[in-house]
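To start, the structure itself, in C-alpha cells.
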Amino acid sequence: WSRGVVVGLGWGGRSVGSVVAERVGLSGSEVAVWCGDRVVSYGEFGGLVAGVARRLLGLGVGVDSAVGVVMSRSLELLVAVHAVVVVGGRYVPVEVDAPVERVGYMLSTAGVGVVLTRVGEEVVVPSGVSRVVVDCGVGSGVSGGDGGVGLGEVVDEVGVLSPLVGVYTLFTSGSTGRPKGVTVSHGAVVNRLGWMQSLFGVSGDDVVLWKTPVSFDVSVWELFWPLMVGASVVVAEPGGHRDPWYVASVVERFGVSVCHFVPSMLSVFVDALGGDRGAGGGLGSLRQVFCSGEALGVAGVEGLRGLVPGVRVVNLYGPT
C-alpha cells in the first residue's frame with residue numbers, strides 16, 4: 001500500500017536527490033532554510049549543493065561511495081549531506097566531539113575515502129582519506145546562482161540511481177560493544193517519506209525544525225522531507241536541542257509548525273514551560289509534533305496539549 005502512495009506522489013523509483021532538485025526548480029525564490037540570521041532560498045540552496053556535489057564528483061565520489069560528514073549542525077552540514085546524496089554517495093555522519101579512536105573506527109568500517117568538514121572546526125582525518133572543507137558563507141566562492149539548473153544538471157550527469165543505492169550509513173551508540181553501521185537505501189527513504197507525506201502532509205506553508213543530531217536516524221526526515229515538498233527548514237544551533245527555552249524561542253521566532261521530540265525531552269520541555277502561564281502563547285504555530293526513540297507517556301502529551309491546544313501529536317517509530 002505504501003508503495004502505491006509513493007507512486008501517487010510521483011516519487012516512485014526516484015532518488016532523494018532528484019526529488020529535491022525538482023523542488024528546487026519549482027520553489028526557487030521561496031525560503032528553503034533559516035539558519036540564524038541567514039535566509040537561504042531554494043535557488044541558492046540548490047546552487048550551494050551543486051557546488052559541493054561537483055567538488056565530490058571531481059574527487060571520484062559516485063554511486064555507493066562512502067563520504068564522512070564530520071561537522072556541527074549548520075547550513076554547511078545540511079548542504080554537505082544533500083551534496084553527497086545527489087551524486088549517489090552515502091553520507092556517514094560523525095559527531096565532531098566523538099573520540100578520535102571511534103571516529104577512525106567508523107570511517108574505516110564504512111569504507112570512507114572522503115570526509116567533509118566545516119571551516120573553523122578541527123577534525124582529525126585518518127591518513128589516506130581526502131578532506132574537503134565546506135564553506136557556505138557569503139563570498140565563500142560557492143554561490144547560489146540558478147540553483148534549479150545547477151542541481152538539475154548534476155542529477156542528469158549522475159543519471160538514474162537504483163533504489164538499492166545507499167543514502168546513509170548510521171552507527172549505533174556502541175554502548176554494548178563496537179558501533180555497528182546500518183545502511184539505508186534511496187528506495188527505503190523515499191518510501192518512508194512518501195508514507196509520511198501521505199499521512200501527515202507538509203506543504204510550502206510549513207516550517208520544520210531540524211534539531212535532531214545527524215547521527216540519529218530521526219534527523220533523516222528533518223533533513224530531506226521538508227525540502228522535497230517546498231517547506232522551510234530552521235536549523236537549530238549546535239546543542240540547542242537540549243535547551244527547552246531555546247527550542248521555544250526558535251518556535252516563536254520562526255513560526256515553526258512541525259518538529260520532533262524524544263519523549264524524555266518532551267517532558268523536560270513541558271515541565272519547563274508549564275510553570276510559566278504565558279509560555280505557551282509563543283508556541284501557537286505548532287500544528288504537528290512527532291515523538292519517537294522512547295516510550296511516549298500520557299503526561300507529556302497532555303502537557304503539550306495544555307500549552308498548545310489542538311496540536312497533533314504523533315507517536316512514531318524510527319526509519320531504520
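The values are calculated or read from the model by the stated rules, or taken from the named source; none is laboratory data. The shown structure was predicted, so the numbers you read here are calculated from the model rather than taken from an experiment. Neighbour counts run over all protein chains shown; Cβ positions are idealised from the backbone, glycine included. These area figures cover heavy atoms from the full protein model, side chains too; ligands, DNA and RNA do not enter into them. Shrake-Rupley method; radii C 1.70, N 1.55, O 1.52, S 1.80 Å.
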Out of curiosity, is Ser74 modelled with pLDDT of 95 or more, of a type outside the set (D, E, K, R), surrounded by fewer than 24 Cβ atoms within 10 Å (Cβ to Cβ) and out of contact with any Ser or Thr (no Cβ under 8 Å at 6 or more places or on another chain)? yes
Six or more apart or on different chains, Cβ under 9 Å: which pairs go from a residue in the stretch 297-315 that's closer than 20 Å to Met196 by Cα to one that's open to solvent by 100 Å² or more (accessible area, probe 1.4 Å) and part of a helix (DSSP H, G or I)? Could you list them? Val311/Arg305; Val313/Arg305
Near pairs, Cβ below 8 angstrom, 6+ apart or cross-chain, from the stretch 34-49 (over 17 Å from Trp210 (Cα atoms)) to any residue that is open to solvent by less than 10 Å² (accessible area, probe 1.4 Å) and hydroxyl-bearing (Ser, Thr, Tyr): none
Please go through the stretch 304-317 and give me each residue that is open to solvent by 20 Å² or more (accessible area, probe 1.4 Å) and in a helix (DSSP H, G or I), ordered by number. Arg305, Gly306, Leu307
Filter the stretch 52-71 for residues that are among the β-branched types (Val, Ile, Thr) and either assigned to a helix (DSSP H, G or I) or buried (at least 18 other Cβ atoms within 10 Å of the Cβ) (or both) and give the result. Val52, Val61, Val67, Val69, Val70
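Residue by residue, here is whether (1) open to solvent by 10 Å² or more (accessible area, probe 1.4 Å); (2) in a loop (DSSP other than H, G, I, E, B) holds:
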site: Gly204; (1), (2): yes, yes
site: Ser215; (1), (2): yes, yes
site: Pro226; (1), (2): no, no
site: Pro238; (1), (2): yes, yes
site: Met265; (1), (2): yes, no
site: Val289; (1), (2): no, no
site: Glu294; (1), (2): yes, yes
Looking across the stretch 167-202 at residues that are open to solvent by 10 Å² or more (accessible area, probe 1.4 Å), within 14 Å of Pro93 (Cβ to Cβ) and in contact (Cβ under 8 Å) with a residue 40 or more places away in the chain, the single one that is farthest from the chain's Cα centre (by Cα) is Pro179
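Yes/no per residue for (1) small (Gly, Ala, Ser); (2) farther than 20 Å from Val20 by Cα; (3) in a strand (DSSP E or B):
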{"site": "Trp34", "(1), (2), (3)": "no, no, yes"}
{"site": "Ala50", "(1), (2), (3)": "yes, no, no"}
{"site": "Leu77", "(1), (2), (3)": "no, no, no"}
{"site": "Val81", "(1), (2), (3)": "no, no, no"}
{"site": "Asp97", "(1), (2), (3)": "no, yes, no"}
{"site": "Glu101", "(1), (2), (3)": "no, yes, no"}
Filter pass, Ala299 being open to solvent by 60 Å² or more (accessible area, probe 1.4 Å) and in contact with a helix residue (DSSP H, G or I) (Cβ under 9 Å, 6 or more places away or on another chain): yes
